[in-house]
Amino acid sequence: MKNFYIRILQLVLLLCTIAMATAQHVESDSLKKLLLSTGDPSKRVTVLEGLSYAYVSTSPDTALYYALEGLKLARGNNDLNGEALCINALGNVYFAVGDNVKALEYYFQYLEMKEKSKSRSGLPVAYFNLASVFTEEEDYPNALKYLSKARTEDEKANDQGALLFDLYSFASIYLRMEKADSALYYIRQSHELSRQLKDKNLMGAILNTYGEIYLFLNHTDLALKSFKESIPATEAVKDNEVLASNYYGLAKVYQQKEMPDSSIFYARKALTLAVEAPFLKQVVEISSFLSNEFSVQQQFDSAFHYLQLNSMMKDSLFNVEQVKKVHTLNFQEQQRQQTNEIARIEYRNSIKLLFVIFASAIFLISALVLWRNNIQKHKANRLLQQQKEKIESTLTELKATQAQLIQSEKMASLGELTAGIAHEIQNPLNFVNNFSEVSQELLDEMKDEIEKGNYEEVEAITNDVKQNLEKILFHGKRADGIVKGMLQHSRTSSGVKEPTELHELTDEYLRLAYHGLRAKDKSFNATMKTDFDESIGTINIVPQDIGRVMINLITNAFYAVSEKKKQQSNEYEPTVSVSTIKVDDKVVISVKDNGIGIPPKILDKIFQPFFTTKPTGLGTGLGLSMSYDIVKAHGGELKVETKEGEGSEFIIVLPVQS
Amino acid sequence: MKILVVDDEKDIQTLFEQRFRKEIRIKSIEFAFAFSGEQALTYLEQNVHEVVIILSDINMPGMSGLELLAHIKQKYSIPPPSVMMITAYSDEENFNAAKRLGADEFLTKPIDFTLLKEKFKIKSA
């Protein structure tokens, strides 16, 4: 019984194929006729393409042959349009046999050609075909991508018919993706458009899709309604595939409703149609479905029968599927490789980029560091420069300050002097005034005495008055001397140093001092001793100033010895010695006397201004203080060594270079 | 009235002798002169009871007038003789020092003899 069934089935299959071939044959006949009659190459190409299209679903080999022919002819005639057309046809062929990789190849080629040509006419087709392949490959993102592009083009061209297909395709894809909402959305749109356009071709499929969607959503009543509505629409256009799908859909619905009899009934109806065609995939699916149903019904014979059918179909399908699978695998592999390649290139690029960035960073950093170093160096330089300038200016300041200090010392000593001078001049002036006043009074008295005739008294008064006048003169001169001394003192600092022969200088001033003293006091006599270091030569000094110092010291020495002479007997020999000697970088001048010496009590006062041991009028008291200042100004020292009653030695130390 | 004048300038003596010749003639004032602080002290040791006023210069070589003042005030406290300081310096330092040491008067040079005579009159009274 089983065998019989199978035999029948096989026969039916064969018959169907023949029938299909015949049907096709009729169409292709006319085309062939057309082919023979046409000499125009581009027209021939079109016809060939048409022939290819005619055989694509029934005899892919034939379709391939015609497509290749057309392509050859088109290329030979530089017929770009024809070429493109045939390439698309080739894509169709491969798509039909399930070689999706090749199909994509040709479809992409076709797309490229259409993109190059300025017209947009081929683009929607190109996109749509690609979307179909991707759908088959279950690469829904790409499918949607190209479908969108097709839709955009169709919208631009306002091709409603094409748009209808686009919208329908969207719905199909979303249904496959199990995105029921989106699927419904698009199927509604396409349904609406279909009604607008009064389309018949797609209506059935649209309604069928409704059914599938509702079935998926378990809206069984709506699904039933949709499938039932679809049947007459599909019958009208003789779309058996969709019709079979409708019956199958109904079977599935009844299965859900748990109405097995109805389910089986419609499933069988569907299978018959599927076998007739044959729609292999549907045969496999529906037979499997039926097998299950019968198992549930515990009708195992029938279940087994359909299972056999199913496995047989599967075998046939298997090869196709295998080929497809291999192709898919290849396709996937290629995709992966491409992705990998891209990834690798990107990786390498990013490495390169990183490297470049890194290198630039290093370069930048080092440039920065160098620049900073440079800046710092400049800064350091500038700082150094600044510091140098500062130091220089500080040095100048110091020098100025030093000069100022010396000046202020002078001024201070001058200030001291002023006080001293005030006091010093005060006294003589006092006397001048007082004695003048007294003299006037005396003269008045004298008048009286003259009138009285007391001539003795008058003479006494006259003597007094004369004495007063002498004192007035004396004190006047004294004041004059003090002022002169003060002026001298203030003038000492303005001297200019010049190289001076010390030997000559000392000699000269010594002689001066001696003769000056002798002029004042003819009885004066003292022994002069000199000891000069010939090697000294010249030293840098202000000759007038040092000369003054020497006069001062020598004068003092002479005074000391003369004072002693007054006290002592004739055996005493007053001696004053002056010597010069060079020690290292210094010159030492010594003025020694064997006079009265200096008592220790006044030793620390002798250099003070206005201090004098001489009776009033004989000395200003400025000599030693001035000498001290002068020597100090030369960068030297003025020292004294003395013994009371025996003598003194005044020592001047001067630097050779000053 | 005996007045001791202490000053290193010897002409002071001549000046005073001429300025006070009338007083000296009628012996209302008798003057003694010392030319240093030491001389003054030596004189005072012998004549302290007679000396009523001591007139002293401040700036003197050796013992200064202020030192002398200190000595006098220390030694001769009962009764202390009047000590008047005369000086060309009218600065505060000297003034304060003199005051501190117990000077009775502080006079500046040049001496105003009229004023001096007034002061003497007060003292003698």
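The values are calculated or read from the model by the stated rules, or taken from the named source; none is laboratory data. Predicted, not measured: the structure shown is a model, and the values here were computed from it. Positions of Cβ are backbone-derived with ideal geometry, glycine not excepted, and every protein chain shown enters the neighbour counts.
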Which of the residues belonging to segment B:60-81 are within 14 Å of another protein chain (Cβ to nearest Cβ) and small (G, A, S)? B:G62, B:S64, B:G65
Checking the condition in contact with a strand residue (DSSP E or B) (Cβ under 6 Å, 6 or more places away or on another chain) and not charged (D, E, K, R), which residue from A:I589, A:I602 passes? A:I589
In segment A:540-584, the residues that are polar (S, T, N, Q), in a helix (DSSP H, G or I) and closer than 13 Å to A:T527 by Cβ: A:S562
Within segment B:1-110, which helices (runs of 4 or more DSSP H) (wholly inside it) include 3 or more residues that are aromatic (F, W, Y)? none
Which one of these is within 54 Å of the chain's Cα centre (by Cα), surrounded by 16 or more Cβ atoms within 10 Å (Cβ to Cβ) and either among the aromatic types (F, W, Y) or more than 21 Å from A:Y106 (Cβ to Cβ) (or both): A:L144, A:L163, A:L184? A:L144
Can B:D57 be described as under 13 Å from the mean Cα position of the chain (by Cα), within 14 Å of another protein chain (Cβ to nearest Cβ) and not polar (S, T, N, Q)? yes
For segment A:630-647, check the following and say yes or no: at least one residue is in contact (Cβ under 8 Å) with a residue 24 or more places away in the chain, assigned to a helix (DSSP H, G or I) and surrounded by 20 or more Cβ atoms within 10 Å (Cβ to Cβ). yes
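Here's the yes/no breakdown for (1) modelled with pLDDT of 85 or more; (2) in a helix (DSSP H, G or I); (3) over 22 Å from A:N240 (Cβ atoms):
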position	(1), (2), (3)
A:V12	no, yes, no
A:L34	no, yes, yes
A:E69	yes, yes, yes
A:N81	yes, yes, yes
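To keep it simple, each residue is scored yes or no on (1) surrounded by fewer than 19 Cβ atoms within 10 Å (Cβ to Cβ); (2) acidic (D, E); (3) within 14 Å of chain A (Cβ to nearest Cβ); (4) farther than 22 Å from B:E9 by Cα.
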position	(1), (2), (3), (4)
B:V83	no, no, no, no
B:T87	no, no, yes, no
B:D91	yes, yes, yes, no
B:N96	yes, no, no, yes
B:F106	yes, no, no, no
B:I111	yes, no, yes, no
B:L115	yes, no, yes, no
B:K121	yes, no, no, yes
B:S124	yes, no, no, yes
One residue is enough: does segment A:420-437 have a residue meeting the conditions touching a residue at least 24 places away in the same chain (Cβ under 8 Å), over 24 Å from A:F610 (Cβ atoms), buried (at least 18 other Cβ atoms within 10 Å of the Cβ) and within 8 Å of chain B (Cβ to nearest Cβ)? no
Would you check which residues across segment A:547-597 are surrounded by 22 or more Cβ atoms within 10 Å (Cβ to Cβ), within 14 Å of A:I652 (Cβ to Cβ) and of a type in the set (G, A, S) and list them? A:A557
Given (1) in a helix (DSSP H, G or I); (2) modelled with pLDDT of 70 or more, number of the condition A:H515 does not satisfy: (2)
Name, by its number, the condition in (1) modelled with pLDDT under 85; (2) surrounded by 16 or more Cβ atoms within 10 Å (Cβ to Cβ) that does not hold for B:Q74. (2)
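Scan segment B:67-110 residue by residue and report those that are polar (S, T, N, Q), in contact (Cβ under 8 Å) with a residue 12 or more places away in the chain and closer than 21 Å to B:E38 by Cα.
Of everything in segment B:67-110, those that are polar (S, T, N, Q), in contact (Cβ under 8 Å) with a residue 12 or more places away in the chain and closer than 21 Å to B:E38 by Cα turn out to be B:S82, B:T87, B:N94.
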Exactly one of A:E641, A:E637, A:E649 is at pLDDT 90 or above, out of contact with any helix residue (DSSP H, G or I) (no Cβ under 6 Å at 6 or more places or on another chain) and within 19 Å of A:T500 (Cα to Cα), and that residue is A:E637
If you scan segment A:585-613, which residues turn out to be hydroxyl-bearing (S, T, Y) and not in a loop (DSSP other than H, G, I, E, B)? A:S590
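Does A:E192 qualify as being at pLDDT 90 or above, among the charged types (D, E, K, R), touching a Leu at 6+ places or on another chain (Cβ under 8 Å) and under 26 Å from A:V253 (Cβ atoms)?
So A:E192 fails the test.
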Restricting to segment A:598-610, name every residue that is surrounded by fewer than 20 Cβ atoms within 10 Å (Cβ to Cβ) and farther than 30 Å from A:I536 by Cα. A:P599, A:P600, A:K601, A:I602, A:L603, A:D604, A:K605, A:Q608
Can you confirm whether segment B:4-19 contains a residue that is surrounded by 19 or more Cβ atoms within 10 Å (Cβ to Cβ), away from chain A (no Cβ under 14 Å) and under 17 Å from B:I111 (Cα atoms)? yes
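Tell me yes or no: at least one residue of segment A:56-65 is at pLDDT below 70 and closer than 25 Å to A:S132 by Cα.
No; the residues of segment A:56-65 include none that is at pLDDT below 70 and closer than 25 Å to A:S132 by Cα.
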Is it true that A:L130 is over 24 Å from A:M203 (Cα atoms), surrounded by 23 or more Cβ atoms within 10 Å (Cβ to Cβ), modelled with pLDDT of 90 or more and of a type outside the set (S, T, Y)? no
